[in-house]
Amino acid sequence: MANERIILGIDPGTTIMGFGLIKVVNKKMEFIQLNELQLNKMDDHYMKLKRIFERTIELIDTHHPDEIAIEAPFFGKNVQSMLKLGRAQGVAMAAGLSRDIPITEYEPKKIKMAITGNGNASKEQVAKMLQQLLGLKELPKNLDSTDGLAAAVCHFFNSGKVVGTKSYTGWDAFVQQNEERVKK
């Protein structure tokens, strides 16, 4: 029997959440899907978070990923944007953790470096490299979905390596690794 696993990659966002799925058979990647969840027509931030959670659960229940790779929020100047992005990432992580799926978080530069060899690559460069790596016929108009796919491919490239990322196998592991964040 072939050694198979499915990796779900997520680029969290409160306007667009990009995601991509790959299947790894033995040590070869196969493209499954890339898409995005459009949230820009929703006004209520909390309803957006609910929709991110629901869509992530839907993806998990449909494709049964073995692992989730998620892009970490980058530190920008707008604190409110960072807070919203962190919440989006948190509810996507909570969806995975609720199904006991291990989650690994990658910095945007690490993802770009893994895909293109350049940590400062543009979204377009990442998308073009993914197109070549996975034999994609065409690229989507918005590149948020390729960012989600890039997280999955980055995770595949880093499989078995010790990386400077945070990885959780469930709520217990999260709490154990983040005791300073738990209110007593």
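Summary of values
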quantity: All strands (runs of 3 or more DSSP E) inside segment 1-70 with 1 or more residues being of a type in the set (Ser, Thr, Tyr) and on the phi < 0 side of the Ramachandran plot; calculated: none
quantity: Residue that is in contact with an Asp or Glu (Cβ under 9 Å, 6 or more places away or on another chain) and among the polar types (S, T, N, Q), where the choices are THR116, THR62, THR56, THR104; calculated: THR104
quantity: Which listed residue is at pLDDT 95 or above and surrounded by 14 or more Cβ atoms within 10 Å (Cβ to Cβ), from LEU97, LEU139, LEU143; calculated: LEU97
quantity: Which listed residue, of LYS77, LYS109, is in a helix (DSSP H, G or I), surrounded by fewer than 17 Cβ atoms within 10 Å (Cβ to Cβ) and of a type in the set (Lys, Arg); calculated: LYS109
quantity: In segment 30-88, the residues that are farther than 14 Å from GLY18 by Cα and among the small types (Gly, Ala, Ser); calculated: GLY76, SER81, GLY86
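The values are calculated or read from the model by the stated rules, or taken from the named source; none is laboratory data. Model, not experiment: these values are computed from the prediction. No Cβ is skipped: glycine too gets one built from the backbone with ideal geometry, and neighbour counts run over all protein chains shown.
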